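Contents: one structure, followed by commentary.
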Amino acid sequence: MTRTTAEDASLLEAVAAQRRELAALLGALAPQAWDHPTLCVGWRVRDVVAHVTMPFRYPAGRFLAEMIKARGNFDRMADRCARRDGQAPPGELLAMLRQNERNPWKPPGGGLAAALTHDVIHGQDITVALDLEHLVPEERLRIVLHTITTPKSLKHFGLDLTGIELRATDIDWSFGSGAPLSGPAQDLALALCARKLPAARLQGAPAARFTASQP
């Protein structure tokens, strides 16, 4: 087994574990929780799960057809499909996640680390919104943090972190320089993906930029 093959096998195990844990968490939700808003603006829990499972349900031809309908705009396509597919019964969405625990799907232009990041961030979109404690193991979290601090990822989310240093309070990790933005590494990961977090989850002068406005 080559080093690259070994790394891919390890990443696939991490992806499978993440999906298995998310499925267990979703399986324990009360039915009404599936309609609860998440950190993905405009998406309920059911919509996020539909989005997470979309790669397992859309073969290349269907994906291309949906992209054509959206005139090549992936965000528009993903939003429309998540809202439409999210109408499916929760049990059906959950079964799709469980059946694809080890699916080797990779985001376009990304590898298994990007697939893990996709699942971790969207899982947190759900758990943070529902105020459920779900700790991502540090090994997985470091893969996510490495992935989302690349120039490509920062550009994708349109973040300007000039003059800000992100400091994790639960693991030895920091990124950038300047005024400290502190909090659990999982919450900092969400901030790096342009999520607005509930109040008091982050500390420091820049925290307001990454905190949701109170209703």
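Assuming R0 = 30 Å, can you tell me the calculated FRET efficiency for the pair Ala95 and His36, based on Cβ-Cβ distance, to the nearest 0.05?
Efficiency, from the Cβ-Cβ distance: 0.90.
Just need log10 I(q)/I(0) for the range 105-144 at q = 0.30 Å⁻¹, Debye formula, equal scatterers on the alpha-carbon atoms, no solvent, rounded to two decimals.
So the normalised log intensities are -0.99.
Lys155: which lysines have alpha carbons under 22 Å from its alpha carbon, excluding same-chain residues fewer than 8 sequence positions away?
Partners within reach: Lys106, Lys196.
Taking Cα atoms, how many degrees apart are the long axis of helix 74-85 and the longest axis of the chain, rounded to 10 and kept between 0 and 90?
Between the helix axis and the principal axis of the chain, the angle is about 60 degrees.
Treating the beta-carbon of each Lys and Arg as +1 and of each Asp and Glu as -1, no other charges, what is the dipole magnitude of the range 85-215 about its Cα centre, to the nearest 20 debye?
Result for the range 85-215 is approximately 380 debye, rounded to the nearest 20.
Given a 1.4 angstrom probe, I'd like the percentage of the accessible area of the chain that is carbon and sulfur, rounded to a whole number.
57
Using a 7 Å offset from Cα along Cα-Cβ at Ala199, what residues in the range 38-56 end up with backbone N under 16 Å from the label point?
Taking a point 7 Å out along Cα→Cβ of Ala199, no residue of the range 38-56 has its backbone N under 16 Å.
I'd like the projected area of the chain, averaged over all directions, using the convex hull of its alpha carbons. Report it in nm² with one decimal.
The orientation-averaged projected area of the Cα hull of the chain comes to 12.7 nm².
Taking the Cα atoms only, what angle lies between the long axis of helix 112-129 and the longest principal axis of the chain, rounded to 10 degrees?
In the chain, helix 112-129 runs at an angle near 80 degrees to the longest axis.
What aspartates and glutamates could a cross-link reach from Lys69, if we take a straight Cα to Cα line under 17 Å and drop same-chain neighbours fewer than 8 places away?
Once the sequence-local aspartates and glutamates are set aside, what remains near Lys69 is Asp79, Asp85.
If you average 1/r over every pair of different alpha-carbon atoms in the range 100-192 and take one over that average, what Kirkwood value in Å do you get?
Result for the range 100-192, one decimal place: 14.0 Å.
How much accessible area per residue does the range 1-107 have, in Å², with a 1.4 Å probe?
Here the residues of the range 1-107 average 54 Å² of exposed surface.
Taking the chain as the reference, fit the longest principal axis to its C-alpha atoms, fit the long axis of helix 45-57 to the helix C-alpha atoms, and give the angle between the two in degrees, 0 to 90, nearest 10.
In the chain, helix 45-57 runs at an angle near 60 degrees to the longest axis.
How much FRET efficiency would the formula 1/(1 + (r/R0)^6) give for His146 and Arg83, where r is the Cβ-Cβ distance and R0 is 30 Å, rounded to 0.05?
So the FRET efficiency works out to roughly 0.40.
The values are calculated or read from the model by the stated rules, or taken from the named source; none is laboratory data. Because the structure is predicted, anything quoted here is derived from the model rather than measured. Every residue, glycine among them, receives a Cβ derived from its backbone with ideal geometry; neighbour counts consider all protein chains shown. Surface accessibility is based on the protein's heavy atoms, side chains included, excluding ligands, DNA and RNA. Shrake-Rupley method; radii C 1.70, N 1.55, O 1.52, S 1.80 Å.
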